[in-house]
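So the structure is just underneath, and the comments pick up after that.
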Amino acid sequence: SAGTIASGGAVVSVSPENWLSNLSVRTAISGGTALILGAVVSDGAKEILVRASGPALRQFALNGIDDPMIDLYTTSSIPLATNDDWPSSLNSVFSAVGAYPFTFGSKDAALLQTLNGQFSVHAMGKGAGTILVEMYDAPGGASPRLVNLSVRNQVGRGSEVLIAGLAVAGTSTM
């Protein structure tokens with residue numbers, strides 16, 4: 001009802017000694033709506049940690065979506081991996097990449113997958129609320145590495161704005 005606004009693209013150039021280590025996207029979504037993130041891993045296979053936070057956001061005074069889930073796709077229309085409730089075995093990976101911890105038994109979602117080439121993450125939850133989707137370069141390093149990141153979602157104003165952030169790691173100054 002307020003109209004539409006298309007944002008322009010942004011280009012981030014990263015030196016060979018650096019790499020994109022994290023992409024985080026936070027927005028409000030309605031029930032049954034998927035937040036879609038895309039990425040490309042080049043120069044070989046790499047472990048990528050993907051998380052969808054909803055209940056965990058409540059500790060930050062946000063109305064986190066109930067019970068988020070993740071579907072991970074490569075070139076097929078069938079998910080390569082799916083997660084509804086994160087496995088506690090990923091706690092050490094969360095810590096290694098600098099991600100805040102999830103409460104044991106929470107209904108947040110996370111998975112660790114080795115990927116090569118293009119992939120997309122579809123995150124959704126039950127009902128409406130705020131969702132935070134994160135992709136981490138789990139082992140780090142400049143090769144292989146994430147080379148392209150994108151996000152697609154319906155956005156609005158105020159609490160419905162889409163907030164995207166990324167982190168660059170490495171040894172070179174930008």
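Per the listing A39, A56, A2, the residue uniquely at pLDDT below 90 and either assigned to a loop (DSSP other than H, G, I, E, B) or out of contact with any strand residue (DSSP E or B) (no Cβ under 6 Å at 6 or more places or on another chain) (or both) is A2.
Note on the range 37-71: residues that are free of Cβ contacts under 8 Å to residues at least 24 places away in the same chain and touching a helix residue (DSSP H, G or I) at 6+ places or on another chain (Cβ under 8 Å) amount to 0. Across the range 80-114, the number of residues qualifying as hydrophobic (A, V, I, L, M, F, W, C), open to solvent by 50 Å² or more (accessible area, probe 1.4 Å), part of a loop (DSSP other than H, G, I, E, B) and out of contact with any Leu (no Cβ under 8 Å at 6 or more places or on another chain) comes to 1. For the range 122-150, residues that are under 12 Å from V41 (Cα atoms), in a strand (DSSP E or B), among the aliphatic types (A, V, I, L, M) and open to solvent by 20 Å² or more (accessible area, probe 1.4 Å) total 2.
Take the conditions in contact with a Lys or Arg (Cβ under 7 Å, 6 or more places away or on another chain), modelled with pLDDT of 90 or more and part of a strand (DSSP E or B) and apply them to D67. Does it pass? Yes, satisfied.
The values are calculated or read from the model by the stated rules, or taken from the named source; none is laboratory data. Being a predicted model, the structure only gives us computed values, none of them experimental. With ideal geometry, Cβ positions are generated from the backbone for all residues, glycine too; neighbour counts draw on all protein chains shown. The accessibility values were calculated without ligands, DNA or RNA, using every heavy atom of the protein model including side chains. Shrake-Rupley method; radii C 1.70, N 1.55, O 1.52, S 1.80 Å.
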